[in-house]
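The values are calculated or read from the model by the stated rules, or taken from the named source; none is laboratory data. These numbers were taken from a predicted model, which means no experiment stands behind them. Neighbour counts run over all protein chains shown; Cβ positions are idealised from the backbone, glycine included. Side chains included, ligands, DNA and RNA excluded: accessible areas come from the protein's heavy atoms. Shrake-Rupley method; radii C 1.70, N 1.55, O 1.52, S 1.80 Å.
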Amino acid sequence: LSAPSWGTQQAPASHVAGSMAVFAVGHLAVAWNEELVFRGYGQKTLALALGRPLADAVLVTLFALFHPLKPLTLVGEAALGLALLSLRDQRDDIWLPIGYHWAWNTLQTAVFGPSDGPPSLRPLVVHGPAAWVGRPGHPEPGYLSTLVNLSVAVGAFLWSRRKHLS
């Protein structure tokens, strides 16, 4: 990856700011809605019906299937779903997952969007294999983001269990 220029070198600052604002608001709506369905009301309701472990497995799978049906995307989105679920368990609410989800999506588009897409603050150019870094601006994670999200999931899980482990 490289970020050879600022977005304002490719488009007027007002276009970059407007694009970033639209992305930020749009991703807030997406994060809010998806978290309500997959880690909020949907998770609580399904956990009552199926038990927590099965409900979590079903919802992580559905979250992955809600995104493009490509093998790497399914694995990457499942990893994100696990991270969001682990963050939800930190405080037993959806605010932390909403923030993480919003930040994740906003960073991929408004801040580090594709150089051939709508204006972003620091457009990225992919030089290496997209399988490793995904496609900026698209819900197509690569191995790197999958590893990051799995690390967040494990870290959040261990953090929430730290009192039980000592």
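Ratio to report: Rg/Rh of region 1-60, with Cα atoms as the point set and Rh obtained by the Kirkwood method; give two decimals.
Reported Rg/Rh (Cα atoms, Kirkwood Rh): 1.33.
Fully extended, how many nm does the chain gain between Leu1 and Val22 (0.36 nm per residue separation, minus their Cα-Cα distance)?
Once the chain is fully extended between Leu1 and Val22, it gains 5.1 nm.
Along the positive direction of the dipole of the chain (beta-carbon charges: Lys, Arg +1; Asp, Glu -1; about the Cα centre), which of His15, Pro4, Ser145 reaches farthest?
About the Cα centre, the residue reaching furthest to the positive side is Ser145.
Given the Cα-Cα distance of Ser160 and Arg91 and 0.36 nm per residue of separation, how much length would full extension add, in nm?
23.9 nm
Could you tell me which of rounded, prolate or oblate describes region 70-157, using a ≥ b ≥ c as the square roots of the eigenvalues of the alpha-carbon gyration tensor, with rounded for a/c under 1.5 and, failing that, prolate when a/b is larger than b/c and oblate otherwise?
It comes out oblate by the Cα gyration axes.
Using 0.36 nm times the number of residues separating Trp32 and Ala131, minus their current alpha carbon distance, what extension gain do you get?
32.8 nm
Scan around Leu124 for amide H atoms under 5 Å from its own, H built in the peptide plane at 1.01 Å from N, and keep only partners 5 or more places away or cross-chain.
Gly113, Ser115
Taking a temperature of 25 °C and a viscosity of 0.890 mPa s, what whole-number D in µm²/s does Stokes-Einstein yield for the chain with Rh from Kirkwood over alpha carbon pairs?
147 µm²/s
Assigning unit charges at the beta carbon (Lys, Arg +1; Asp, Glu -1) and nothing else, what dipole magnitude in debye, to the nearest 20, does the chain show about its Cα centre?
380 debye
How much accessible area per residue does region 10-57 have, in Å², with a 1.4 Å probe?
Per residue, region 10-57 has an accessible area of 57 Å².
Quickly estimate the mean residue ellipticity at 222 nm for the chain, helices only: each DSSP H run with n ≥ 4 gives -39500 (n - 2.57), and the total goes over all residues, rounded to 500.
-20500 deg cm²/dmol
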